[in-house]
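Only one structure is covered here, and it is reproduced in the block below.
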Amino acid sequence: MTILEILAPAFVASLILTGIHAYLGVHVVERGVIFVDLSLAQIAALGGTVGYLAGYDLHSNAAYAFSLGFTFLGAGIFAFVRVHGKTRIPQEAIIGIAYAVAAACAVLVMSKATRETEHLKEMLVGNVLAVQWPELARTAALYAVVGAFHWLFRDRFLLISLDEAEAVRRGWNVRFWNFLFYVSFGVVVTSSVSIAGVLLVFSFLIVPSVTAMLFSYRLGPRLLIGWTMGAVVSAIGVYLSFQMDLPTGATIVATFGAALLVLAGIRVVFRLGPEARKGLTTG
């Protein structure tokens, strides 16, 4: 097999993940629940771990059902605890607690299974190079359904993310729409974790969205920037992991971090005036 044939499925998987996660990342960043993806991903991984301990293969439909069930439970909790206005306990605290508890429970469950170290590593960074074309086709179809759902109700989801107070003023049942958002979000995360692992899924969600915010306030340009960055960085990360014989998921995450630093530096330089840039280079 040629290098292109080996790397093509991983690159296509990265494109699929970028497409849906860059969009969802806009909602997550605007809602101020940055770690909800990381928490739901860990909850999904815990569900898969419980399925694994119950005797099912990690990539089987039964293990996926366990992951989805746990994720729906987490989605319900996050939708219920999100209350408009100032509260005694911020939602981000609940999300952080959920992540820590899910991660600890995963370790406890895996302590009763064999090959726990290998499984925990795959749960964190995934094995995107091992993805096959049929799995990619199923994932793309699922994400297309979720994308269509969000497009159909885009006015509701966007207004609640961008101006929740206005949604409350209009009399919308914000908690119900939050539940639908987190459930659809959980479906995406559950499928993504089985392909890419917890850390890479979090990077696909947050890093392109944060990068886009550095250069634009408008939704359209932010999505375009996020999708472009995700595609380019994914290609570089997949290629570097193959050439340097490194774990693919961890390499892509590190590449995302490096790209964010470079682009943030470019943003700072271009925000400086001509005289300031001149002084910066000559001083």
Practice item. Give the peptides 260-269, 40-49 in descending order of average Cβ contacts within 10 Å, highest first. Key: 40-49, 260-269
Check your understanding: With charges only on Cβ, +1 for K and R and -1 for D and E, what is the dipole size of the chain about its Cα centre, in debye, rounded to 20?
Key -> 900
Study note, to complete from the structure: Restricting to Cα pairs under 8 Å and 6 or more apart, the percent relative contact order of segment 3-282 works out to 29
**Study point:** Likely footprinting exposure, Ile20, Ile225, fewest C-beta neighbours within 10 Å first
**Key:** Ile225, Ile20
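Hey, what D do you get for segment 3-282 in µm²/s if you plug the Kirkwood alpha-carbon radius into Stokes-Einstein at 20 °C and 1.002 mPa s?
D, rounded to a whole number, is 109 µm²/s.
How large is the charge dipole for segment 193-278, taken about the Cα centre, if only the Cβ atoms of Lys, Arg (+1) and Asp, Glu (-1) carry charge, to the nearest 20 debye?
420
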Study note, to complete from the structure: Expressed in nanometres to one decimal, the distance between label points 7 Å along Cα→Cβ at Arg154 and Thr228 is 2.0
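FYI, it's all coordinate maths here, none of it is from the lab. As the structure is a computational prediction, the values presented were derived from the model and not from experiment. Here the Cβ is made from the backbone with ideal geometry for all residues, glycine too, and neighbour counts use every protein chain on show.
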